[in-house]
Amino acid sequence: MKTAQDIIIAPVITEKSMSGIADKKYTFKVAKDANKIEIAKAVEEIFKVKVAKVNTMSVRGQARRMGRYEGYTAAWKKAIVTLKADSKTIEFFDGLM
């Protein structure tokens, strides 16, 4: 069985993801085989918040070159977690604003 720390890999810190914090939408890099239910339970367990919904998407690897060598970055899965209106915010993201 996967633990919550195995499912939620890292927060995604971009300009677009930080603009969603005002609407209680937080973006995470998650395990590729995790489903929406597992992601919601993991966020609730780690951050002690109430999750309203989870949107997921698979992000393709991008083509990169290093001199004459070329390849792709790793593909990964992204989850946008929306919290309920009566839920508290995630403190980790509050320090970034």
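The values are calculated or read from the model by the stated rules, or taken from the named source; none is laboratory data. Keep in mind that this is a model prediction, so the values were computed, not measured. So basically every Cβ, Gly included, is an ideal-geometry build from the backbone, and we count neighbours across all protein chains shown. Accessible surface areas use protein heavy atoms only, side chains included; no ligands, DNA or RNA. Shrake-Rupley method; radii C 1.70, N 1.55, O 1.52, S 1.80 Å.
Among the residues of the stretch 36-47, none is identified as in contact (Cβ under 8 Å) with a residue 40 or more places away in the chain and loosely packed, with under 13 Cβ neighbours inside 10 Å.
Output the residues belonging to the stretch 21-59 that are part of a helix (DSSP H, G or I), closer than 17 Å to Ile90 by Cα and under 12 Å from the mean Cα position of the chain (by Cα). Lay out the reasoning, then the answer.
Step one: filter the stretch 21-59 for residues part of a helix (DSSP H, G or I), giving 21-23, 36-47.
Now drop any that are not closer than 17 Å to Ile90 by Cα, which leaves 21-23, 39-47.
Those that are part of a helix (DSSP H, G or I), closer than 17 Å to Ile90 by Cα and under 12 Å from the mean Cα position of the chain (by Cα): Ile39, Ala40, Ala42, Val43.
Applying the condition of being of a type in the set (Val, Ile, Thr) and under 18 Å from Lys16 (Cα atoms) to the stretch 59-80 and asking which residue is surrounded by the fewest Cβ atoms within 10 Å (Cβ to Cβ) yields Val59. When the criteria are applied in full, Ile80 meets the requirement of being out of contact with any Asp or Glu (no Cβ under 6 Å at 6 or more places or on another chain), at pLDDT 95 or above and either under 19 Å from Ile13 (Cβ atoms) or among the basic types (Lys, Arg) (or both).
When only residues in the stretch 1-12 that are open to solvent by 90 Å² or more (accessible area, probe 1.4 Å) and under 13 Å from the mean Cα position of the chain (by Cα) count, which is farthest from Asp33 (Cα to Cα)? Among them, the one singled out is Gln5.
A residue that is under 12 Å from the mean Cα position of the chain (by Cα) and among the polar types (S, T, N, Q) occurs nowhere in the stretch 67-77. Only one of the listed residues (Asp94, Asp33) is among the acidic types (Asp, Glu) and farther than 25 Å from Met1 by Cα. That residue is Asp94.
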